[in-house]
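Heads up, the thing below is written out as structure tokens.
The values are calculated or read from the model by the stated rules, or taken from the named source; none is laboratory data. Note that the coordinates shown come from a computational prediction; the quantities given were computed from them, not determined experimentally. Counting neighbours? That spans all protein chains shown, and the Cβs are built from the backbone with ideal geometry, glycine included.
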């Protein structure tokens, strides 16, 4: 992707020619990209001990290229593996002994020099199978010791649902300690959706050919990898370890071959080591998407074993599109770094024709064609949008998951977006720079300033504003049946853009929220989404990693014919929730229980109307979406008698805003509660890790009441202290 207007490229002395009536100002620079430091994330999450331990481990691990990756197989009965082995070690390896205890495998088995992977049921690896790897030479790469490598790939087959397997693989130095992998149900399942881990991107010396770059790269990868691991752990904990897999919208690592020192492909390997280092990834498959930072280096293909891979959509370096099935869902992964849309169309149509039994169709690609941050308004992105969206609509795609912009957004249901004019990919570069410019002394922001005003007399400015209006796609917003946050039987497509999952880099939201956006969020914190899939429902919840708070309302798509059979399936699916009754809050479970009872009554009523059936299905779907887990603190933590000091704060009123300044304390964060009445009726709550927080969009001349309490995160759960005294301020 061209991104020559990104914030990190300092724009010095950019003079814009305005009309004679206006002086030509000199612009300085876009705001610096935000990023999350692992030390701060660890402090907020209560994982400082883990961070300290990881820093020591990294010094040993950082030069190890042999980390394994797990990827979804063609369906839930398969699992794909990929890993490196040193080339010389493989050629000389004649020891075939398996160091792990594996039943049914002869210790004197002859070895032909090809690494193997062993997988079996349970800790004893019962009924173990041995798979010989398919090897590929890793070209144009060698480590600091001159060692070259092979890439090894294995597909394990015949896996059964809800069963724990253990696997061990030969990494060139013997067999690894067996690691667990637990299969999940396919009738209803959950997956995590993440964006742009881009491990190594927090390195501010990107691409410089010097020892300083390499030192900075190692430190950046160490920090980014820890945050990436924290996000994966948070997603697993949120789902009680029920995730079936992860979908990544691309840019696994930062350093491209083109921009690495001397165009050396090997220089991104330390970033792949960091990416693959989280313990969670030893048991959690990831379906990766090709991003622009992945696309020019074949090591992407060496590290990931993608199933059903096609040459359609290939850029001749990292392969093309691929797909996999899981339960009743079809996942289509596009490599849109190759912009040959005709090939993507062919792949989508062939894949759907071969998988007609799948009820849900989900596409993932890297570019955020309906996003809301810096890249989203680039003609290069919107040109791709109008080529792809008709294909998605013609093939009844339900959701399109994207990344690239490191800021979260969710679209409305969209149908029939139309391109009004032709623009070159770099047509508005100058205007984009001007609009994003943050002044002579730029500081990190979350929303771009928007320097181009509606009243500008500059002809180029007006052309740019006209372009922005044309890509808002107001006419593409579908009028849908909706109850609460549930959309019922839509014809259009949902487009989601994931925020950064590692915090290695954040981009600002554009100053003018697009009409097609339902919700967007950027507070320079890592995020992830959990997607729950059932027979008739696809439900999405999105969270910030650091404090477990939701950043958007629950959103769900329900597909139902409005018949009793569909309602009965949802009632049947609710049985698993009943079994976990004690894990939910009393209030949210009571609402669910009432909705379930109502649904059962309607399903049993032979005279129930179609409208009654639809309403019962909506009520049950929304009640399931609104279920809240109880906060349970481990007994060990309780024994320590966690004490959170009472918070103290002061207020400063401004124009339509109030700034809360909190006295700093040794805590993970703070919760601010405010209302326009002293009884705090209909109060709103905001969580922050900062000691200064501004409450915006308040009513002028109105008095507001505010109180603050601190919290500590223990085992991923928040322990709150007492509220401060009630503060009040009148907004100007």
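Brief remarks follow.
- Any hit, the range 466-481, residues being assigned to a strand (DSSP E or B) and surrounded by fewer than 16 Cβ atoms within 10 Å (Cβ to Cβ): yes
- Just one of the listed residues (416, 439, 455) is over 24 Å from residue 250 (Cα atoms), within 27 Å of the chain's Cα centre (by Cα) and surrounded by fewer than 19 Cβ atoms within 10 Å (Cβ to Cβ), and it is 416.
- Boolean, residue 531 is touching a strand residue (DSSP E or B) at 6+ places or on another chain (Cβ under 8 Å), surrounded by 17 or more Cβ atoms within 10 Å (Cβ to Cβ) and outside any loop (DSSP other than H, G, I, E, B): yes
- Of the residues in the range 302-322, at least one is assigned to a helix (DSSP H, G or I), touching a strand residue (DSSP E or B) at 6+ places or on another chain (Cβ under 9 Å) and at pLDDT 95 or above.
- Taking each residue of the range 40-51 that is assigned by TED's automatic domain parsing to the domain that holds residue 688 and looking for partners that are in a helix (DSSP H, G or I) with beta-carbon atoms closer than 7 Å, six or more apart or interchain, yields nothing.
- Residue 572 vs. criteria more than 30 Å from residue 35 (Cα to Cα), free of Cβ contacts under 8 Å to residues at least 12 places away in the same chain and in contact with a helix residue (DSSP H, G or I) (Cβ under 9 Å, 6 or more places away or on another chain): no
- The residue that is surrounded by the most Cβ atoms within 10 Å (Cβ to Cβ), counting only those in the range 37-55 that are in contact with a helix residue (DSSP H, G or I) (Cβ under 9 Å, 6 or more places away or on another chain) and assigned to a loop (DSSP other than H, G, I, E, B), is 47.
- Which numbered condition residue 667 fails, given (1) touching a residue at least 24 places away in the same chain (Cβ under 8 Å); (2) surrounded by fewer than 19 Cβ atoms within 10 Å (Cβ to Cβ); (3) part of a loop (DSSP other than H, G, I, E, B); (4) touching a strand residue (DSSP E or B) at 6+ places or on another chain (Cβ under 7 Å): (2)
- Qualifying positions in the range 323-350 - touching a strand residue (DSSP E or B) at 6+ places or on another chain (Cβ under 7 Å) and not in a loop (DSSP other than H, G, I, E, B): 323, 324, 326, 329, 330, 331, 332, 333, 348
- Residue satisfying all of: in the range 203-241; buried (at least 24 other Cβ atoms within 10 Å of the Cβ) and modelled with pLDDT under 95; nearest to residue 64 (Cα to Cα) among these: 217
- Filtering the range 467-478 for residues that are in contact with a strand residue (DSSP E or B) (Cβ under 8 Å, 6 or more places away or on another chain) and within 30 Å of residue 571 (Cα to Cα) leaves a non-empty set.
- Qualifying residues in the range 169-204 (those that are in contact with a helix residue (DSSP H, G or I) (Cβ under 7 Å, 6 or more places away or on another chain) and not in a loop (DSSP other than H, G, I, E, B)) - the one nearest to residue 37 (Cα to Cα): 199
- The condition (being within 30 Å of residue 361 (Cβ to Cβ) and touching a residue at least 24 places away in the same chain (Cβ under 8 Å)) is satisfied by just one residue among 429, 405, 458: 405.
- Any hit, the range 242-265, residues being crowded, with 24+ Cβ neighbours inside 10 Å, touching a helix residue (DSSP H, G or I) at 6+ places or on another chain (Cβ under 7 Å) and assigned to a helix (DSSP H, G or I): no
So that you can scan it fast, the table gives a plain yes or no per residue for (1) surrounded by 14 or more Cβ atoms within 10 Å (Cβ to Cβ); (2) at pLDDT 85 or above; (3) touching a strand residue (DSSP E or B) at 6+ places or on another chain (Cβ under 7 Å):
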| site | (1), (2), (3) |
| --- | --- |
| 594 | no, yes, no |
| 598 | yes, yes, no |
| 604 | no, yes, no |
| 612 | yes, yes, no |
| 644 | yes, yes, yes |
| 676 | yes, yes, yes |
| 679 | no, yes, no |
| 684 | no, yes, yes |
| 692 | no, yes, yes |
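- The range 614-641, subset at pLDDT 75 or above and in a loop (DSSP other than H, G, I, E, B), residue farthest from the chain's Cα centre (by Cα): 630
Each row is one residue, and each column tells you yes or no for (1) at pLDDT 95 or above; (2) in a loop (DSSP other than H, G, I, E, B); (3) within 26 Å of residue 244 (Cβ to Cβ).
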position	(1), (2), (3)
63	no, yes, no
85	yes, no, no
88	no, no, no
101	no, yes, no
106	no, yes, no
112	no, yes, no
119	yes, no, yes
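- Counting only residues that are assigned to a loop (DSSP other than H, G, I, E, B) and surrounded by fewer than 18 Cβ atoms within 10 Å (Cβ to Cβ), the range 563-589 holds 3 of them.
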